[in-house]
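Asker: One structure, pasted below without further comment.
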Amino acid sequence: MGLKICPLASGSSGNSIYIGHGKKGFLVDCGLSGRSIERRLQILGLSPDDISGIIITHEHQDHIKGAGILSRRWSLPVYTMPGTWAAGCRELNSVPPDLQRDLSGGFSLGAMDIAHFPLSHDAQEPVGLVICWKKRRVVIATDLGETNTEHEKIMEGANVIILEANHDRDMLANGPYPWYLKKRIKSPLGHLSNDDCGNFLSQILNDHPTAVFLAHLSQENNYPELARITVENLLKEKGVYPAPNLHLNVIERNCVSQPYELT
C-alpha cells in the first residue's frame, strides 16, 4: 500500500488535499465547508476515521473555511504556524484550545514526517510543506508570489510536486480585475503565473521520477489546458519534456481530482 494523494479542490473558491497511508491521513488546508469536505471524502471512499489532523498553510479564507467545524466535529488537531494562529481568523479561533497545535517543529503521523518551509505571500506566516514517507518526498507549494534558491533545493529530486500555476499573464492583464488586484497577484507576495511555474520547474526537474500537479488555477485568468500547454512548452525548451519519468497533471478546481498513489 502506497501513499495516497487526493486533491479535493484547488483555487480561490477553496483548497484541500488529503494525504494518507493506510488508516493514517491528514488534510492539507480545509477551505471548503465542513459538509463539502465530508462529501468529497466519501467520493474517495474515506471517512472521518481516516483523518488524524488538519494542516493549515496560511489564514486566507479559501484555506481555512471548514477547519473549525471539522476540528470540533471530529476532534481533530489543527497544525499551523504561530503567525497564522495570531492572525485571529474566526474559523481558527473556533478550534478548541486543546486541539490547537504549533507546526513550527513539524510532526510525524504514522510513517509520515511533515516539515514546512516559508513562502512569499501576503499572509502572516505562510508555508509550504514537505511530507517524507519511506524515503519518498511530496512537496506542496501554493499561494506564493515568487520562488527562490531554497525552494529549488527543497523540490529538486522530490517524487511529487504540487505547485501553483495561478494565472496566464495576458489573461490577467486584459481581464476584468481592478488594477489593485492585478498588481497584488503579480507581486512577490501574490501568485505564480503559468510562466513562473514552468520556468521554475525547468530548473529543478531531471531524470528523477516525478509527478507534478499544477494547482490553484484562477477561474477568471487561467484554464487547465492553457496552464498545461504553457508549462509543457517551457519544459520542452529546456529538454525535460516529454519524458517517461515525468507525469504532468492539473488539479481540478471545483471537484475531486483523480487520486495519485506514490509507491
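The values are calculated or read from the model by the stated rules, or taken from the named source; none is laboratory data. Computed from a prediction, not measured in an experiment: that's the story for all the values here. Here Cβ is always computed from backbone atoms with ideal geometry, including for glycine, and neighbour counts include all displayed protein chains.
Asker: Hey, among the residues in the stretch 215-263 that are among the small types (Gly, Ala, Ser) and more than 25 Å from GLY190 (Cα to Cα), which one's surrounded by the fewest Cβ atoms within 10 Å (Cβ to Cβ)? If you could, list the steps in order and put the result at the bottom.
Answerer: Just the residues of the stretch 215-263 that are among the small types (Gly, Ala, Ser), to begin with: 215, 218, 227, 239, 243, 257.
Within this subset, residues satisfying the condition of being more than 25 Å from GLY190 (Cα to Cα) are 239, 243.
Details: GLY239: 8, ALA243: 15.
This residue is GLY239.
Asker: Something else now. Return the residue satisfying two criteria in turn: it lies in the stretch 125-170 and is of a type in the set (S, T, N, Q) and either under 21 Å from GLY2 (Cα atoms) or out of contact with any Gly (no Cβ under 9 Å at 6 or more places or on another chain) (or both), and of such residues it is surrounded by the fewest Cβ atoms within 10 Å (Cβ to Cβ).
Answerer: Taking the candidates together, the pick is THR149.
Asker: Another one. Has the stretch 40-57 got at least one residue that is in a loop (DSSP other than H, G, I, E, B) and crowded, with 24+ Cβ neighbours inside 10 Å?
Answerer: Initially, the stretch 40-57 is screened for residues in a loop (DSSP other than H, G, I, E, B), giving 44-47, 51-53, 56-57.
Now restrict to residues that are crowded, with 24+ Cβ neighbours inside 10 Å: 56-57.
Yes, the stretch 40-57 has at least one match.
Okay, residues lined up against (1) part of a helix (DSSP H, G or I); (2) within 20 Å of PRO118 (Cα to Cα); (3) among the β-branched types (Val, Ile, Thr):
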residue: LEU189; (1), (2), (3): no, yes, no
residue: PHE200; (1), (2), (3): yes, yes, no
residue: LEU235; (1), (2), (3): yes, no, no
residue: VAL256; (1), (2), (3): no, no, yes
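Asker: From the list ARG184, ARG228, exactly one residue is at pLDDT 95 or above, closer than 24 Å to ILE5 by Cα, among the charged types (D, E, K, R) and not in a strand (DSSP E or B). Which is it? Explain how you work it out, then say what you get.
Answerer: Details: ARG184 fails: closer than 24 Å to ILE5 by Cα.
So the residue among ARG184, ARG228 that is at pLDDT 95 or above, closer than 24 Å to ILE5 by Cα, among the charged types (D, E, K, R) and not in a strand (DSSP E or B) is ARG228.
Asker: Report, by residue number, each residue of the stretch 151-181 that is part of a helix (DSSP H, G or I), more than 19 Å from GLY11 (Cβ to Cβ) and touching a strand residue (DSSP E or B) at 6+ places or on another chain (Cβ under 7 Å).
Answerer: Result: HIS151, ILE154, MET155.
Asker: Do you know which residues across the stretch 1-38 are touching a helix residue (DSSP H, G or I) at 6+ places or on another chain (Cβ under 9 Å), among the hydroxyl-bearing types (Ser, Thr, Tyr) and surrounded by 22 or more Cβ atoms within 10 Å (Cβ to Cβ)?
Answerer: SER16, TYR18
Asker: Go over the candidates ASN206, ASN245 one by one and state the one that is within 26 Å of ALA111 (Cα to Cα) and without any contact (Cβ under 8 Å) to a residue 60 or more places away in the chain.
Answerer: Every option except ASN245 fails the conditions.
Asker: Here's something else I'd like to know. Can you pull out every residue in the stretch 93-122 that is among the hydrophobic types (A, V, I, L, M, F, W, C) and in a strand (DSSP E or B)?
Answerer: PHE107, LEU109, MET112, ILE114, ALA115, PHE117
Asker: Given the conditions (1) surrounded by fewer than 17 Cβ atoms within 10 Å (Cβ to Cβ); (2) in contact (Cβ under 8 Å) with a residue 24 or more places away in the chain, report the number of the one that ASP113 does not fulfil.
Answerer: Against the list (1) surrounded by fewer than 17 Cβ atoms within 10 Å (Cβ to Cβ); (2) in contact (Cβ under 8 Å) with a residue 24 or more places away in the chain, ASP113 comes up short only on (2).
So that you can scan it fast, the table gives a plain yes or no per residue for (1) touching an Asp or Glu at 6+ places or on another chain (Cβ under 7 Å); (2) on the phi > 0 side of the Ramachandran plot; (3) β-branched (Val, Ile, Thr):
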| residue | (1), (2), (3) |
| --- | --- |
| PHE213 | no, no, no |
| PRO224 | no, no, no |
| VAL231 | no, no, yes |
| TYR241 | yes, no, no |
| PRO259 | no, no, no |
